[in-house]
Structure formats: structure tokens, C-alpha cells
Amino acid sequence: MPIPKPDHDHDTSRQAHRDYWRRNVRLLSGLLVVWFVASYGFGILWVDWLNAVRIPGTGFPLGFWFAQQGSIYVFVALIFLYVWRMNRLDEEYGVSEEGDAS
Amino acid sequence: MSVQAWTFVIVGLTFALYIGVAVWSRAGSTRDFYVAGGGVSPLANGMATAADWMSAASFISMAGLVSFLGYDGSVYLMGWTGGYVLLALLLAPYLRKFGKYTVPDFVGDRYYSQLARVVAVVCAIFVSFTYVSGQMRGVGIVFSRFLEVPITTGVIIGMGLVFFYAVLGGMKGITYTQVAQYCVLIFAYLVPAIFISMLVAGTVIPQLGFGGTDAASGEFLLDRLNGLHDELGFAPYTSGAKSRLDVFAITAALMVGTAGLPHVIIRFFTVPRVRDARISVGWALVFIAILYTTAPAVAVFARTNLLATVAEQPYADVPEWFEKWEDTGLIAFDDVNGDGLIQYVGPAASTPNELTVDRDIMVLANPEIAGLPAWVVGLVAAGGLAAALSTAAGLLLVVSSAVSHDLLKRGLMPEITEKGELLAARVSAAVAVVVAGYLGIDPPGFVAEVVAFAFGLAASSFFPVLILGIFSRRMNREGAVAGMVVGIVFTAAYIVYFKFVNPAADTAENWWWGISPEGIGTVGMALNFAVSLTVSRFTPAPPEAVQRMVEEIRIPRGAGPPREIQA
């Protein structure tokens, strides 16, 4: 375990942690909206409407493709996007584990 | 070499591999046993999670289900992958920071209550047991079909193997054998899929192949399939028959259930840091997506091949695989009109249907239907076994840690030594293997039904309690217990009523809001959230120490490097 940095002002660090949390919640809410739209939206609720369109050059009706392929690709992309943004946020607020690991 | 000889060789080699890995990675401490020493790399953990998660159902049954359900099968494809987004964003990093061994550990500490811990232990054991007996059954079916040994012998061989590496190696042994099993199962899934994609659609990438043109007719494959469906009186493949609301509810129950399953959650306790927990969920989904995006392609190829091979063909000329599966009772033909032809038709057709095909055989029979070489068939058998065994081992670990850690160490015998706890963990794993094996050989009629509902139960019990435990500092013991009880009782009652008490009423007209028992977990989850939030507002806030702990788990710093505790 690392020796904690001297914490001269406990309230400031607590405030910073709350800011960090607020930004985390905002980021993940945004990503969850995309998650919902790509699966429940395109794949289920608006599927008939999207099925009128075909992905050019293929036999895929668009809604069907989202339900069986597209949504899964979106899920993968969302997780990696979240990881990347959170690692940056951790560093910005000095709460990452770089110090811990050494 | 015959199909059977190939199968013996390939299955034998993979079993030898698993045993070798298990011997190399024995557990020396309870920390090894429960969380593999907390030192697993995120990539390896992602692979192990994928094998842990993808059960006999994913490998053997899913493509078949999609093949028969068409668009409606999307509930499984989205439902069993979308939950990982919830895990990565809402659960895994915080539970890793919390840094204990099991899910009931978190529930018990966060809600400062032995009652909540015991409720969580009971849910975890119940969900895991129903699930594991299905896996053992899968092992038995693969053995009986491909190696032509009785199902009982097959289950006993499977039990022996799981016993060996789960009891000896605990989480550490399981993790590294699961990595090996992932490699076997994904190879076994992709090889026939690629072969068939080349045969049917002329491309090596199945994900593109099923949107491409049929090599024979030049028509788009999906158009051809819709045409065949129309001709034979089935609903169109690409639009499906279920109500939209029901599709929505089932998908949600499966997604949320995935994020609430204890054997998946504990995998993220095995990595060294919080950031590793996040990325390892990403890797897990990548490895899962490789199979899950291939499955709908396999479904389309298999469906087209099946219709082309059997529909309106004379029964006297059926290929060899057809007769072999008839022997197992999974294909049945009844020549109702006595014309010697196989009428395989849907509900909208004017003539009666004469053929029943069990959905579970599509993946296993596919290589034979497409006429692939014998070694591919053997490979598929080994892949099915890898999928079933890896999931069974992960589930058994949840049962054993629930008993030795949550029930004994944290409940009845807090003074138990490290050595005693490790012994208790091994003994309970051994007992769990035997019980699971028994359930696999002699399944009570309801097991198969219940497996599908494990998700709804996990969604309506664990998920809200975990989410609120992290995202609401104000959530207290009273709210959590009331929410869990209401959620699981509502969901279980709905399922029990329609499946066991009054199965005749199990039709869309009688369902509440047209939601089937498979999807009711979504409503149970919403109820759980509503009850927890309401009750917690009218009861005292949690103690200061617990509120501080909640703030603490939101910050990655301080999760700590893996610590070795020697036995």
C-alpha cells in the first residue's frame, strides 16, 4: 500500500471526489442512452420502420441487422469508449491506481 | 477415420489439456481458491469470463433457437450481450474496489445485515444449482450422441473432470482451464461456421455471408429464406411473431439478469485493479461477441440447409445424419398423409406438419447436414463439452464459496481458520459436484424450465440491490430487503403460476400486459426498484460508516495490489 499523500484540506478532496463521481455518472448516462437506442430502439421498437430500408449491397433489412448484429458491435464499442474516458478522468482527478500498483 | 474415432481423439486431447492446466494451477490459499489470488490479467480474465458465461445453451442451443425463431431469436442475441455494458458501467469496477470474495459479501456488508446476507446466499445457491444441472445434462447429451455411451456414464465422466479441477484448483484452477476451454470452444464454433459460409454464401466471414447472396441461386439468402418460409406456411424469418412489448421485456430480463448473475460478477474480483475490471468486461464481451455474431449466421445457413434437404423429399432417401438423430428421438417423422414425402410446414399451411426437429440439434447436426469432414464433427462435440464444463465449474465455485465463506466464515463459524475454510470450500465444492451430477442424470421435470427463469430471478433480486448499493448513498437495509423480497416473490409467483399451477393459461391473452413468464423479471425488477426507494425514504438512513464506504468504492484509488495470504 502506498503512503497516502498528506491531505491538508479534507473537504477539498471530498469535493473533488464528488465532482469526479458526477462526471462519471454523466458519462455513463450518455453511453446508456446510446446503448438503449441501438438495442431496444433500432432493434425492437422501431424495427419495422427500419426494416423498410436495406443495407446497400446486402440482403439485410436494417432493423433486423441491428437486432442480430449491429447492437452487439455497439455494445463492444461502448465499453471500450467508457474505459478510455474513465482512465483519463481517473488521472485528471488523481484517483487512478498508478501509485497503488507500484 | 470414422466420426466416432475422431471424436474420441479430439475430446481425449482436450481433456488431457484441461487436466494439465489444472495440475499446473493448484490453489494454495483461500484467496487463490475464491479469487485466483486476485492476480489474473484482464485479457485472460476476459477469456475465462467468456467461457464461464457461454454455457451449453449458448454453444449448443442458441443458434438452433434463432434458426427456428428468426427475428424473435434476437432476444437471446441482444439479451445475453447487452448485460455486459451494464456490468462494465454500473457494477464491475465498484465491486472490484469493494474487494471481497463473493456477491453475498457485498450485500451483507453494504446493508449491514445478516438477514440480507442470508437472502443473498439463498438466491445465489438457488440460481447456480438450477443452472448447473442444465450444464451436466448438456455434457450427457454430447457424450451419448457422439461417443455412444449412456447419458449417465457421460455425466459421471464430466463430473469426474470438474471435480478434479474445481476442487483442487478453486478459482485459480477454474480460471486457467476456462481460458483453455474458451480457445477450444471458439475454434470448434468457427471452423464449421466458416466452412458452411463458404459452401452456402461463398465468403469466409459468416457475419457477412448471411447478408450475402446464395451461391446456388444468386438470390439474397435472407430473401430466399423468407420465400421458403412463406411457401411452407411459417412466419417470415426477418420479422417474427412475438409482440413487441414481450420482445422488449424478455430482452431486458436477460440483459439485467446477466448483470446480476453471481458467477459472472465474481470473475471481476480476480483482477488486480479497478481499471483492469473495467477493461476485462470489454475483453469478455469481445470474446463473447465472436460467437454471438456468428450464431445468427449459422442459424440462417442451418435453416436454409434443413429446408432444402428435407422439405418435400421422399422419406426413403433421407441422409445418414437424419437416421442417426432419429435414433436419439430428437428428430421425429410421422407420415400423416401416407405419401412417403416429408411435409415440413408451418402453422399457416393447408397440409398437416409431419416432421418435428428438436432445436438443440441444429449446431451439432449442422456439420453433418452440410456434409463437412468427420474431424469437424468431432471438434464440435469437444466444443460443446468445453462450453458445458467451463460454466459448470464457475457455478460450482459460487455454491462452494457461498457455503464456506458466506455461511461459515461470515456467519456460523467466524473463528474458523484459513486452513479450515479452505477445506470447507473443497468439501462443499465436492458435494456440489455430486448433487449437480445427480440432477443432470435424473433431472426433475422442472429443471429445464427453471434454467430459463434463473435470469428473471437474478434480475428481480440482485440487480437493483447492487445498483442502489453503489449509486444511492441513502439506500438502507430496510429498503434493500423489502425490495429483494417483493421482486423475487412477484417474479417467482408469476412464473410458478403460469408454468406449474395453471400451465393451460400460459397464453398471451392471460399474461399481464401481454408479457410472458420469460420477460416478467423486467417487471419484478421495476417493482424492486420502486419498493426499495419508497421504503428507504421512510426508514432511518444507513450508519455513517456505511455511507463512507459507498463514497470509498466510487473512487478507484486504494483498491490495492493482490495480497498473498498463505494457508
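The values are calculated or read from the model by the stated rules, or taken from the named source; none is laboratory data. Model, not experiment: these values are computed from the prediction. When we count neighbours, we look across all protein chains shown, and the Cβ atoms used for this are built from the backbone with ideal geometry, even at glycine.
Observations on the structure shown:
- Of B:Val434, B:Val398, all but one fail to be closer than 17 Å to B:Ala124 by Cβ and modelled with pLDDT of 80 or more; the exception is B:Val398.
- Condition met for B:Pro236 (within 12 Å of another protein chain (Cβ to nearest Cβ) and surrounded by fewer than 21 Cβ atoms within 10 Å (Cβ to Cβ)): yes
- Unique match (being modelled with pLDDT under 85, of a type outside the set (D, E, K, R) and assigned to a loop (DSSP other than H, G, I, E, B)) among B:Gly218, B:Gly227: B:Gly218
- Residue within the range B:117-132 that is within 14 Å of chain A (Cβ to nearest Cβ) and assigned to a helix (DSSP H, G or I) present: no
- Boolean, B:Leu168 is more than 9 Å from chain A (Cβ to nearest Cβ) and either more than 30 Å from B:Glu312 (Cα to Cα) or not hydrophobic (A, V, I, L, M, F, W, C) (or both): yes
- Against the test of being surrounded by 20 or more Cβ atoms within 10 Å (Cβ to Cβ) and of a type outside the set (Phe, Trp, Tyr), the options B:Ile290, B:Ile331 yield a single qualifying residue, B:Ile331.
- Residue among B:Asp339, B:Asp317, B:Asp358, B:Asp327 that is of a type in the set (D, E, K, R), touching a strand residue (DSSP E or B) at 6+ places or on another chain (Cβ under 8 Å) and more than 13 Å from chain A (Cβ to nearest Cβ): B:Asp358
- Listed here are the helices (runs of 4 or more DSSP H) enclosed by the range B:63-107 that have at least 1 residues being aliphatic (A, V, I, L, M), more than 8 Å from chain A (Cβ to nearest Cβ) and closer than 15 Å to A:Phe66 by Cα: B:74-86.
- Positions within the range B:224-233 being under 20 Å from B:Thr293 (Cα atoms) and surrounded by fewer than 20 Cβ atoms within 10 Å (Cβ to Cβ), in sequence order: none
- Residues of the range B:461-502 that turn out to be polar (S, T, N, Q) and more than 26 Å from B:Gln547 (Cβ to Cβ), as a count: 2
- Comparison of B:Leu396, B:Leu355, B:Leu385 shows that the only residue that is free of Cβ contacts under 8 Å to residues at least 60 places away in the same chain and on the phi < 0 side of the Ramachandran plot is B:Leu355.
- Selection of the range B:188-204 for residues being assigned to a helix (DSSP H, G or I) and β-branched (Val, Ile, Thr) yields B:Val191, B:Ile194, B:Ile196, B:Val200.
- Number of the condition not met by B:Gly420 [criteria: (1) loosely packed, with under 14 Cβ neighbours inside 10 Å; (2) over 22 Å from B:Ser67 (Cβ atoms)]: (1)
- In the range B:205-215, the residue that is nearest to the other protein chains (Cβ to nearest Cβ) out of those that are among the hydrophobic types (A, V, I, L, M, F, W, C) and in a loop (DSSP other than H, G, I, E, B) is B:Phe210.
- Each residue in the range B:507-551 was checked for being assigned to a loop (DSSP other than H, G, I, E, B) and of a type in the set (Gly, Ala, Ser), and 4 of them qualify.
- In this structure, B:Arg303 does satisfy being within 14 Å of chain A (Cβ to nearest Cβ), among the charged types (D, E, K, R) and assigned to a helix (DSSP H, G or I).
- Within the range B:350-378, the set of residues being farther than 13 Å from B:Leu307 by Cα, more than 27 Å from the chain's Cα centre (by Cα) and not in a loop (DSSP other than H, G, I, E, B) comprises just one member, B:Ala374.
- In this structure, B:Val345 does satisfy being over 20 Å from B:Ala63 (Cβ atoms) and touching a residue at least 12 places away in the same chain (Cβ under 8 Å).
- Flag for B:Val85 being under 18 Å from B:Pro464 (Cα atoms), within 21 Å of the chain's Cα centre (by Cα) and crowded, with 24+ Cβ neighbours inside 10 Å: yes
- Those helices (runs of 4 or more DSSP H) lying entirely in the range B:395-506 with at least 3 residues closer than 23 Å to B:Gly158 by Cα and aliphatic (A, V, I, L, M): B:418-441, B:447-471
- Residue within the range B:382-391 that is within 30 Å of B:Leu13 (Cα to Cα) and in contact with a strand residue (DSSP E or B) (Cβ under 7 Å, 6 or more places away or on another chain) present: no
- Scope the range B:508-560; condition closer than 26 Å to A:Trp21 by Cβ, within 14 Å of chain A (Cβ to nearest Cβ) and of a type in the set (A, V, I, L, M, F, W, C); matching residues: B:Met549, B:Val550, B:Ile553, B:Ile555, B:Ala559
- Count of residues meeting criterion [over 22 Å from A:Gly41 (Cβ atoms), in contact with a strand residue (DSSP E or B) (Cβ under 8 Å, 6 or more places away or on another chain) and without any contact (Cβ under 8 Å) to a residue 24 or more places away in the chain] in the range B:207-257: 4
- No other residue among B:Tyr18, B:Tyr34, B:Tyr84 is in contact with a Leu (Cβ under 6 Å, 6 or more places away or on another chain), in contact (Cβ under 8 Å) with a residue 24 or more places away in the chain and either among the aliphatic types (A, V, I, L, M) or within 27 Å of B:Ser401 (Cα to Cα) (or both) apart from B:Tyr84.
- Within the range B:32-72, restricting attention to residues that are at pLDDT below 85 and under 19 Å from A:Tyr73 (Cα atoms), the residue that is surrounded by the fewest Cβ atoms within 10 Å (Cβ to Cβ) is B:Ser58.
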